[in-house]
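Just so it is clear, none of the values below were taken in a lab; they were calculated from the coordinates. Because the structure is a prediction, the values reported are computed rather than measured. Here Cβ is always computed from backbone atoms with ideal geometry, including for glycine, and neighbour counts include all displayed protein chains.
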Amino acid sequence: MTRSLDTEVFVAGGGPAGLAAAIAARRAGFHVILADRSHPPIDKACGEGIMPDGLGALERLGVAVPPEACVPFRGIRFVDDAATVVADFLVGTGRGIRRTTLHEILLTAAAGAGVSMMWGAHVGASEAPNSITVEGRPVHARWSIAADGHSSQLAAAARLHDSHPGRRRVGFREHYRIEPWSEHVEVHWSDCGQLYITPTASDEVCVAFVTRRKDLRLPDALRYFQVAQRRLRGAPSAKPVLGAITATRKLRAVFRDDLALIGDASGSVDAITGEGLSMAFRQATALAAAMRAGDLALYQRAHETIMRRPLMMAELMLMMDRHPRLRHRVLRVLASEPHLFERMLAVHVGALSPLAIGLRNAANFGWRLIAA
């Protein structure tokens, strides 16, 4: 008879969301086993920037990002043919960091917290109760956590993938060997999508391209971003180019019985917000608190709160992506009202309530937008 795998908390998926969940659960006093089919460090196509709210969430997990492992950035700069607008964060700074470096930091923190990890291990599941297996061994756990991404096998088995996903986009990431020229993450806009440029080292920038077009790839897309193309001309790129799917998805429920979903398995916002990691780290703390209280309904409510602001910002920014004329008007108005862009950025990263923008500022922005 196959010996079972017994633990208080089992985590399926060893990416940043799974490792954060494991760390939070371990610090809440649970015995934790994590399993993933891949081997660390795990890479993924992303913009490789962590916003200030994400860094704060990491600190609450007890995870420190060493200064030598990252590059700080002060805020965000939007660039398109119509205008350029820049704003600093009101509180804190962000960090540009290689995805593999972040994974190694989380891996070290998980090991230090006492998480048991199984790499290169196949996790299986079916709709039957207590049906999770690792390499054929049944898992007996008080709580199970699915951190296995958009196409979560555990979520599907629990029939939790009942949402209606929005329109999918594709993203690609590449690194260029060049000294960063800005202390801000640059978001370059064009009619085909967005190009994100994040400093990740003293001699390197991460370039991520997100688009609705299925026929366009990096570096061919650079011709649509002339300012960025001039900056990057002659800089050698580090292969390979990675690709990924991004979409906004909201599930009706993020738990069933003793199974909870986290990270992309629990829903997602389009990569246009840059908030994916921040949300996952905040979800990890909320989930650990709910498990400690013995009530996953607490996590459901916390998850809805965590998703609310990024979902709102994603919808607004995707509207700019779909309607170029609107985007041009928005950026021209913000360029003439930089204090308003600063407040909007503060709302985006949770440093201010949307109400802090104020009725007068909102009305003024609306009138300026109509007149632009």
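For ALA356, project a label point 7 Å along Cα to C-beta. Then give me every residue of region 272-313 with its amide nitrogen under 20 Å of that point.
273-276, 278-279, 282, 305-313
Setting aside same-chain residues fewer than 8 positions from LYS239, which aspartates and glutamates have a Cα under 19 Å from its Cα?
Straight-distance partners of LYS239: ASP43, GLU48, GLU174, GLU179, ASP203, GLU204, ASP220.
Expressed as a rounded percentage, what relative contact order does the chain have, with Cα pairs under 8 Å and six or more residues apart? Intermediate results must be reported in sequence, preceding the final value.
Details: 782 pairs, mean separation 83.9, N = 372.
Relative contact order comes out at 23 percent.
Give me the extension gain from TRP181 to ARG74: residue separation times 0.36 nm, minus the current Cα-Cα distance, reported in nm with one decimal. Spell out each step's value before the answer.
Values: separation 107, 0.36 × 107 = 38.52 nm, distance 1.29 nm.
That works out to 37.2 nm of additional length.
Can you classify region 1-45 as rounded, prolate or oblate using the Cα gyration tensor, where a ≥ b ≥ c are the square roots of its eigenvalues, rounded means a/c under 1.5, and otherwise it's prolate if a/b beats b/c and oblate if not?
Numbers: a/c = 3.64, a/b = 1.27, b/c = 2.86.
Taking the square roots of the gyration eigenvalues as a ≥ b ≥ c, region 1-45 is oblate.
Dimensions of the chain along principal axes (Cα, Å, largest first)?
Principal axes ranked by extent give 71, 47, 38 Å for the Cα atoms.
Counting other beta carbons within 10 Å of each residue's own, what order do ILE42, ILE357, ILE197 fall into, fewest first? Let's see the in-between values first.
Working: ILE42 21, ILE357 16, ILE197 27.
By the 10 Å Cβ count, ascending, the order reads ILE357, ILE42, ILE197.
Using Cβ contacts closer than 10 Å as the measure, can you line up MET117, MET317, MET51, MET312 from fewest to most?
MET312, MET117, MET317, MET51
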